[in-house]
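J.: Please see the structure below; I have some questions.
The values are calculated or read from the model by the stated rules, or taken from the named source; none is laboratory data. Values in this document were obtained by computation on a predicted structure and should not be read as measured data. Here the Cβ is made from the backbone with ideal geometry for all residues, glycine too, and neighbour counts use every protein chain on show.
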């Protein structure tokens, strides 16, 4: 090897020198050929081509998080049978010998750039509060072993991460947000997405970007998501329907109203009831269902999520029908927290939203908390709108909005511990942008406690007309 390397270097040197001499000799004429050596963009069909090895592995819940979990993954059509194996996690490597196999339900999905097989397995009869390992494949070609933990049978402290719209430039610019969130909340029980995960409902490459951005996190931290308007595909007659990708690549509960399976659902995680609503369609049917679910609720905390905000934070946007149908039910049952997206800004409001809204004249106010302060002995529902991707809108600030932001990518870490719920909104670089605590009394009434942020509000300068008015 030493002799061969020496000969190679002795021969290569004159070749390099000759090449340099030729380059000087050709002068400007060589520039005409530079374009021939430019990099060629790889087409999405090649980048996101499915293969025999599993990809797009995502862990979800389709039932009780204490005893159930589900996993979905993708392969090429060469793989006609999917298999998942699961075992109780151990400190040593011998758990694999005890793994139990599950045969997947497999379906073919023809997309705009390929045809792939999507495989789904629902794990049942799991033990609460237990660490499990699983892998997926075809019996010969396997993923790595992924690890997760079921919810505890008794209430214990837990946290989760909430994202507003990822939507655009997902691979290049949203990836840093989900990864920074994982650094801040490495033990998060799950990640919650308030719609518009992607921009074009049926663009397989965009779904590929979403899975790439989260990578292995999707396979180890359960995902909960509800669809936004960008998960709705537009048909030739002008109507819209849910993306074909949605129910093939996510396995969510089917306990919502008929026709809205896996887009409107509820589950309980320890002492907290979570309710996901599909704000794109059938608002009245969901209102009746929501009322029934909340009337039967016995959990200490209640958190709702849907895409279109009750109170819009973006200029020239409003969801009056949704507000008239859903807000009275949220108020009636004293829902603690509502997490939303859609408006590509940040806004936190409540409990002092005026009853006359939207007739209330908007005001621009500088309301930046400077310390920890209890504001209201009987706090009502807190509404939050947030955005995690790079697409940004103009803010429409109202006097009752406690904290707003423009041009800021954010993620939110929410921790529930007994009688306290702590909310933190952090920027893409990890700065604490907004924070508060809800402290529940023995009567079930919340006290809102403001927590000082680390940075000033991020808003654009007022337009001249608006500045003159203030």
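J.: What are the pairs, 6+ residues apart or on separate chains, where a residue within the stretch 314-340 that is assigned by TED's automatic domain parsing to the domain that holds residue 295 has its Cβ under 9 Å from a residue that is loosely packed, with under 13 Cβ neighbours inside 10 Å and assigned to a loop (DSSP other than H, G, I, E, B)?
T.: Sorted first by the residue in the stretch 314-340, then by its partner, the pairs are 334/444.
J.: Got a sec? Which strands (runs of 3 or more DSSP E) wholly within the stretch 96-199 have at least 1 residues that are modelled with pLDDT of 95 or more, closer than 16 Å to residue 249 by Cα and in contact with a helix residue (DSSP H, G or I) (Cβ under 7 Å, 6 or more places away or on another chain)?
T.: Ranges flagged: 105-110, 115-123.
J.: Identify, please: which residue in the stretch 272-304 is in contact with a strand residue (DSSP E or B) (Cβ under 6 Å, 6 or more places away or on another chain) and assigned to a loop (DSSP other than H, G, I, E, B) and is, among those, surrounded by the most Cβ atoms within 10 Å (Cβ to Cβ)?
T.: Restricting to residues being in contact with a strand residue (DSSP E or B) (Cβ under 6 Å, 6 or more places away or on another chain) and assigned to a loop (DSSP other than H, G, I, E, B), the top hit is 280.
J.: In addition: Is it the case that residue 183 is without any contact (Cβ under 8 Å) to a residue 24 or more places away in the chain and over 14 Å from the mean Cα position of the chain (by Cα)?
T.: The answer is no for residue 183.
J.: Further, regarding this structure: Take the stretch 334-355 and flag every residue that is in a loop (DSSP other than H, G, I, E, B) and modelled with pLDDT of 95 or more.
T.: 335, 336, 341, 342, 343, 344, 345
J.: Restricting to strands (runs of 3 or more DSSP E) lying wholly in the stretch 356-470: which have 3 or more residues that are touching a helix residue (DSSP H, G or I) at 6+ places or on another chain (Cβ under 9 Å), within 24 Å of residue 307 (Cα to Cα) and modelled with pLDDT of 95 or more?
T.: Here the list reads 410-417, 420-427.
J.: What are the residue pairs meeting all of these: first residue in the stretch 254-271, first residue at negative phi, second residue in a strand (DSSP E or B) and at pLDDT 95 or above, Cβ atoms under 6 Å, and 6 or more apart or on different chains?
T.: Pairs that qualify, where the first residue is at negative phi and the partner is in a strand (DSSP E or B) and at pLDDT 95 or above, are 255/265; 256/265; 265/276; 266/275; 267/274.
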